[in-house]
Amino acid sequence: MSAAASKPVSVDEYIASFDDERHRAFLTRLRELSRAAAPRAEESLKWGSPAYALGSILFVFAGYKKHANVVFTPSTKDVFADRLQDFDTGKGSIRLPYDGEIPTELLTEMIAHRIREFEVDGVKWM
């Protein structure tokens, strides 16, 4: 991000705040995937990052210098642990290097699981 940039107030501004075109393109693809996989979710900025919610936050993504993170509940991440072995992960996060491919099918399945987890099981954000 540019050091002189003011704090973004929309997801469009958030993505535009990244200086590197490759990073903007990667984050735009994450946004498109998020909207396609969770079409009923409200998109907003939470903690300065794009977030998708159905009353409660479902998931968030964020861009950093060398990678993007997609963050789910730890319970969602744990369900997919066997398929996340090739990724650096945190409590609920998955690190996606900008020079790698976005695991579209995996993230789409994780978003679907997270929506079901919230709507059926009542699992709220951390």
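The values are calculated or read from the model by the stated rules, or taken from the named source; none is laboratory data. Bear in mind that the values here come from a model prediction, so they are computed numbers and not experimental data. Here the Cβ is made from the backbone with ideal geometry for all residues, glycine too, and neighbour counts use every protein chain on show. The protein model used for the area step is the full one, side chains on, heavy atoms only, and it has no ligands, DNA or RNA in it. Shrake-Rupley method; radii C 1.70, N 1.55, O 1.52, S 1.80 Å.
Quick notes
- Label point at Asp121 placed 7 Å out along Cα→Cβ; residues across the stretch 70-94 whose backbone nitrogen lies under 11 Å: 73-80
- Between helix 21-37 and the chain there is an angle of about 30 degrees, using the helix long axis and the longest principal axis of the Cα atoms.
- One decimal place: the segment Thr108-Lys46 gains 20.2 nm when fully extended, by the rule 0.36 nm per residue minus the C-alpha distance.
- Cα centroid separation, the stretch 10-57 to the stretch 97-126: 14 Å.
- The relative contact order of the chain, computed from alpha carbon pairs under 8 Å that lie at least 6 residues apart in sequence, is 21 percent.
- Sites listed here are trypsin sites (Lys or Arg not before Pro) in the stretch 1-77 whose DSSP assignment is loop and whose Cβ has at most 11 other Cβ atoms within 10 Å: Arg40, Lys65, Lys66.
- Among the chymotrypsin sites (Phe, Trp or Tyr not before Pro) found in the stretch 1-103, those both in a DSSP coil and sparsely packed, with 13 or fewer other Cβ atoms within 10 Å of their Cβ, are Trp47, Tyr64.
- Within the accessible area of the chain, the carbon and sulfur atoms contribute 50%, probe 1.4 Å, all protein chains present.
- In the stretch 1-69, Cα pairs under 8 Å separated by at least six residues give a relative contact order of 25 percent.
- Taking the C-alpha atoms only, the angle from helix 104-119 to the longest principal axis of the chain is near 60 degrees.
- 5 angstrom amide H check on Ser93, placed H, neighbours 5+ away: Phe72
- The chain: C-alpha pair distances exceeding 27 Å, %: 14 percent
- In the stretch 87-126, trypsin sites (Lys or Arg not before Pro) in a DSSP loop with at most 12 other beta-carbon atoms within 10 Å: Lys91, Lys124
- Within the chain, helix-based [θ] at 222 nm, where runs of 4 or more DSSP H residues each add -39,500 (n - 2.57), nearest 500: -11000 deg cm²/dmol
- Annotation: per residue accessible area for the stretch 12-64 equals 48 Å², rounded to a whole number [probe 1.4 Å, protein chains only].
- Theoretical FRET efficiency, 1/(1+(r/R0)^6), r = Cβ-Cβ of Leu84 and Ala36, R0 22 Å, to 0.05: 0.60
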